[in-house]
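First comes the structure, then the notes that go with it.
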Amino acid sequence: MTLENLLQRFGIVLCLGPLVMLAGCPKQDDATSAKPPASATAPALPGPASASSAAVQAVSQANDAARSMRAERLIAQVEKAYQSGVSNYRAGRLDAARQDFDLAVDTMLASGLDLKKDPQLSDELERLLNQINSLEMDALKQGNGLSPVLEAAPLDEAANEATFPANPELTQKLKKELTISTSDLPLVINDQVAGYIGYFANSPSFHAHMLRSMERAGKYKTMMQQVLKEEGVPQDLIYLAVAESGFQPQAMNAGSGAGGIWQFMPTGAYGLARSGWVDERFDPEKSTRAYAKYMKALYSQFGDWYLAMAGYDWGPGNVQKAVMRTGYADFWELYRRNAMPKETKAYVPQILAAVIMAKNPEKYGLDKMVPMPAVVYDTVTTDYPVDLRLVADLTDATVQEVVALNPSLLRVSTPSSSDFDLHIPVGTKDVYLDRIKAIPDDKRISWRFHTVKPGESLEGIATSLHARPLEIAETNGIGVAEAVAPGDELVIPLAAVSGGVGHAQRYTIKHGDTIAIVADRFNVSPEDLRGWNHLSSSALKPGRVLSVSAPLRLAPAMRSHVKRGRVAAAGRTKAAYSKAISSKASRGSGAKSKASSAHATTRTKSTATSSHRTKH
């Protein structure tokens, strides 16, 4: 029965009620005044209160059903866009795949539905972002040329499989030769640590990795040590980044989705924002503070830095169980009793070996290493979307420089619906704030800015930026035939596009437009323009809207190697892969996952906790 019929039925009942009351009860003969049998009594009609309650319930059920249907339609629409992206990706059409992935995410974000409160939609968004993170990033690296090429972490591959027989002579020799007292992290040289020092020292590939890692560390070392100091943890814990990422902010693991310098998982309540525009796991400073707080929580749980490192790798819950099972809250005792998996047994001595080598650079050919300059920048908080190409124009920088300063941005623009701390070249904050005033808020996603160079003309500038001389002249209050001088600052209005940040950009055809003209204005090929809009001829009808989309995302690229056996290696069987996933990727309940709340790890040592970090 429909809601309308139901309401009509109750309305008739309510209308007839007063008539029955006015008519009264029919008179009865004395002879027939006896009460009828119970079975002959007519059922009572529902009163006004019960009718109203049923109507409200029916409306609520109808609303719930409508919301559910809308959610299902949204999911179907999103899935269609995502699957189209997968097909384009596999066919090598990277720009088209990027468009489809953008559309899938943006369709959800712009749906108007409460994604957080609706479990179905919340799960769908999380699944979508995880799948795109594991598939799209390598394509984007190839497609936009702006993301850095990443290398495998220094402790990857064979190091995890290496085994070393005890070598007391090597251990004693290293104890005499190496300095370990200068670290604020407790260091020890035993047979296990000595074995890895010897292995790494004689591995050309590891030496090359270590050298590049220490060079990159120069970009962030001062900042990281300051953050760790502020959080009250040993500053030499920064060397875990040698194993995790080689100090590469956008390092990604293709198998698990773990990312950033500290390889956090995409889920987890550790204070790092993640959306279709931003992923703060890739922000060196914010992720380092999250890492420091997490390590401090692990130390509070175990009271031992080695167990804290083991918990970072294996998961605090698993380490706690091993401690309770053996009765030993000591990493080396757990090591001897084989109470931990092979990977975790190797992880801690590997880290200690890397720290000791870094503390003794002259012994391992690291003393001639020249660290990269520290990353410094100015910060402006944007509450508007602005294209990074415009940011580069305004700060006299290159797009690559601006992108490198903002590794947490996944697109070539800042978010449209939230504030963002935009990093710009140091010393340019004032000039940025001054120049941006000339560009309307709603044009900062499409317009450009240009400082005239010697020999340039208005016509040439318009051609190079795919703009129109007349529009440039009108916007800047100059004559179209007027000469421009070196140093003049021009606001460049580009063809209006619709669709908003992250959506497919569109252009409305004007009189005189041709395929070639429109393609040139948006720096795309005529072939792409025809394909995107299913055009069979070159004739364009004024008023028609064309898709002129360009690549929008700047997501980081995957590492080319998986991380030290934490996901299935090439050649493993499907069963082996499933086993690896069940024992490691469950790191919301045991292994290296930071999927639960970071502050939850501050429980007592006798309490088993779930891991906050799944990697690899």
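Out of 374, 353, which single residue is in contact (Cβ under 8 Å) with a residue 40 or more places away in the chain and crowded, with 18+ Cβ neighbours inside 10 Å?
Working: 374 fails: crowded, with 18+ Cβ neighbours inside 10 Å.
Result: 353 is the single residue among 374, 353 that is in contact (Cβ under 8 Å) with a residue 40 or more places away in the chain and crowded, with 18+ Cβ neighbours inside 10 Å.
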**Message:** Would you confirm, using the coordinates I've provided, whether residue 519 is in a helix (DSSP H, G or I), modelled with pLDDT under 80, open to solvent by less than 20 Å² (accessible area, probe 1.4 Å) and outside the structural domain of residue 85 (by the TED database)?
**Reply:** yes
**Index of the failed condition, residue 202 passing every other in (1) without any contact (Cβ under 8 Å) to a residue 60 or more places away in the chain; (2) open to solvent by less than 60 Å² (accessible area, probe 1.4 Å); (3) of a type outside the set (D, E, K, R)** = (2)
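This table checks each residue for (1) surrounded by fewer than 17 Cβ atoms within 10 Å (Cβ to Cβ); (2) under 27 Å from the mean Cα position of the chain (by Cα); (3) of a type outside the set (S, T, N, Q).
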| site | (1), (2), (3) |
| --- | --- |
| 392 | no, yes, yes |
| 397 | no, yes, yes |
| 400 | yes, yes, no |
| 411 | no, yes, yes |
| 415 | no, yes, yes |
| 425 | no, yes, yes |
| 430 | yes, no, yes |
| 438 | yes, no, yes |
| 446 | no, yes, no |
**Request:** Determine which member of the set 314, 332 is surrounded by fewer than 20 Cβ atoms within 10 Å (Cβ to Cβ), of a type outside the set (Ser, Thr, Tyr) and on the phi < 0 side of the Ramachandran plot.
**Result:** 332
**Asked** Only one residue in 263, 301 is under 24 Å from the mean Cα position of the chain (by Cα), in the same structural domain as residue 213 (by the TED database), open to solvent by less than 10 Å² (accessible area, probe 1.4 Å) and not acidic (Asp, Glu). Which one?
**Response** 263
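Please specify each residue of the range 380-423 satisfying the condition of being of a type in the set (Gly, Ala, Ser) and under 16 Å from residue 276 (Cβ atoms).
Filtering the range 380-423 for residues of a type in the set (Gly, Ala, Ser) gives 392, 397, 404, 408, 413, 416-418.
Selection gives 408, 413, 416, 417, 418.
The values are calculated or read from the model by the stated rules, or taken from the named source; none is laboratory data. Model, not experiment: these values are computed from the prediction. Heads up, the Cβs are rebuilt from the backbone with ideal geometry, glycines too, and the neighbour counts pull from every protein chain shown. SASA here: full protein model, heavy atoms, side chains in, ligands and nucleic acids out. Shrake-Rupley method; radii C 1.70, N 1.55, O 1.52, S 1.80 Å.
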